Amino acid sequence: MRSMESLWAELSAGLARRRAFDEVHRDSSEEVRRRAKKEVLLRTLRRRFGLVPEDFGKAVHAFEDFDRLDAVIDAASNSASFEKFQRAAVFLSDL
């Protein structure tokens, strides 16, 4: 029969593994959402304005502020031209 200490150690190890798994899953889920939003932004720009300059596409992929991506996507949807979008995006996000 196992001792109470060995059972506690197994339970603690299992909980630690679960916490580590949850943290990795949360981090990867956030990264997937971030990439998806960047793709939505680029697709919106292409649909509205045609080709997106390569250097701007690289800046979008390097952009890390997840919370501001929605505002930038909104600006892309509402801007009359790519130039006006760029001005709004710089103001919103430092792109």
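The values are calculated or read from the model by the stated rules, or taken from the named source; none is laboratory data. Keep in mind the model is a prediction, meaning the values are calculated, not measured. As a convention, Cβ positions derive from the backbone with ideal geometry for all residues, glycine included, and neighbour counts pool all protein chains shown. The area values use the complete protein model at the heavy-atom level, side chains included, leaving out ligands, DNA and RNA. Shrake-Rupley method; radii C 1.70, N 1.55, O 1.52, S 1.80 Å.
Rounded to the nearest 20 debye, the dipole magnitude of the chain is 400 debye, with +1 charges on Lys and Arg beta carbons, -1 on Asp and Glu beta carbons, and the Cα centre as origin. Computed from Cα atoms, the angle from the helix 4-49 axis to the main principal axis of the chain rounds to 10 degrees.
The apolar share of the surface of the chain, taken as the fraction of accessible area on carbon and sulfur atoms (1.4 Å probe, ligands and nucleic acids excluded), comes to 56 percent. Taken over the C-alpha atoms, the chain has Rg and Dmax values of 21.6, 74 angstrom.
Taking Cα atoms only, the orientation of helix 66-78 departs from the longest principal axis of the chain by about 30 degrees.
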